[in-house]
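The structure under discussion appears below in the form of structure tokens.
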Amino acid sequence: MMNKSMSVPVTAYIGLGSNLANPVEQIKSARTAITQMPRVQELGFSGLYSSPPMGPQDQPDYVNAVMCVATDMLPLDLLRGLQSIENIQGRVRKGQRWGARTLDLDILLYGDQIIELSDLIVPHPGLANRAFVLYPLYEIAPELRVPGKGLIADLLAECPMDRLKKS
Ligand code: ROI
């Protein structure tokens, strides 16, 4: 009989971002924490990129990266796991929309699925026009097709690198 906890792993992409409390260390420890999640295997990790904040300018520059994992966690279970890592690393949700944060973990892609739940929209709505997501994603998955949006290479060609720097 098929064990109902067994399911086929999907390849998911996670965006990591930080602009407080030593961002490079925040990203590194988030990587370790994600790798240590029970039903997650790391398949790839981009370089680190820095960029000025998108949104309010009165906050430090960000460090961003993208991680590729294989997981058989359901999307919302993966999201809850990532949120608990954000909280452990001292994320405080303040009033300001798009304010500074110690750690932001976003599910960018979950296999080829389109997910539209109140808590989770995949592909991530900002993916197609944010250089700090597209460039690290392209680095680890240059052949990727983004469901509903097309080839990563075509999205990248439309998105100037602007002030994004590979660090
Ligand atoms: N800006 C940059 N450069 N990098 C981010 O990860 C990032 N994350 C955010 C907002 C506040 C929108 N701006 C950002 O959530």
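The values are calculated or read from the model by the stated rules, or taken from the named source; none is laboratory data. Bear in mind that the values here come from a model prediction, so they are computed numbers and not experimental data. All Cβ positions, glycine included, derive from the backbone under ideal geometry; neighbour counts span all protein chains shown. These accessible areas exclude ligands, DNA and RNA; they are computed on the full protein's heavy atoms, side chains included. Shrake-Rupley method; radii C 1.70, N 1.55, O 1.52, S 1.80 Å.
Would the chain count as rounded, prolate or oblate if I go by the C-alpha gyration tensor, calling it rounded below 1.5 in a/c and otherwise prolate when a/b exceeds b/c, oblate otherwise?
oblate
Tell me, what is the 1.4 Å probe accessible area of Val92, in Å² to the nearest 10?
Approximately 90 Å² of Val92 is accessible to the 1.4 Å probe.
Could you run the Karplus curve 6.51 cos²θ - 1.76 cosθ + 1.60 with θ = phi - 60° over the stretch 66-77 and give me ³J(HN,Hα) per residue in whole Hz, x for Gly and Pro?
10, 10, 10, 10, 9, 8, 10, 6, 5, x, 6, 5
Could you give the accessible area per residue of the chain, probe 1.4 Å, as a whole number in Å²?
Spelled out: the 1.4 Å probe surface of the chain, per residue, equals 55 Å².
Ordering Ser118, Ser7 by how much accessible area each has at a 1.4 Å probe, largest first, what is the list?
Per-residue accessible area, sorted high to low, gives Ser118, Ser7.
Can you put Tyr13, Tyr138 in order of accessible area, largest first, using a 1.4 Å probe?
The most accessible residue leads, giving Tyr138, Tyr13.
Does the stretch 1-64 classify as rounded, prolate or oblate by the C-alpha gyration tensor (a ≥ b ≥ c root eigenvalues; a/c under 1.5 gives rounded; else a/b over b/c gives prolate, otherwise oblate)?
It comes out prolate by the Cα gyration axes.
Can you pull the percent of the chain's accessible area that's carbon plus sulfur, 1.4 Å probe, other chains left in place?
Ligands and nucleic acids excluded, carbon and sulfur reach 55 percent.
GNM on the chain, C-alpha springs below 10 Å: top fluctuator among Asp72, Asp154, Asp58?
Asp58
Quick one: 3J(HN,Hα) in Hz for the stretch 142-158, Karplus 6.51/-1.76/1.60 with θ = phi - 60°, rounded, Gly and Pro as x.
Per-residue couplings from phi come out as x, 9, 4, 10, 9, x, x, 10, x, 6, 4, 4, 6, 5, 5, 4, 8 Hz.
Could the peptides 124-137, 31-44 be put in order, highest first, of the mean number of other beta-carbon atoms found within 10 Å of their residues?
Highest mean packing first, the order is 124-137, 31-44.
With a cut-off of 8 Å between alpha carbons and a minimum separation of six or more residues, what is the relative contact order of the chain in percent?
Relative contact order comes out at 28 percent.
Would you mind getting me the FRET efficiency between Arg163 and Ser29? Use the beta-carbon distance for r and R0 = 25 Å, nearest 0.05.
With a Förster radius of 25 Å, E is 0.45.
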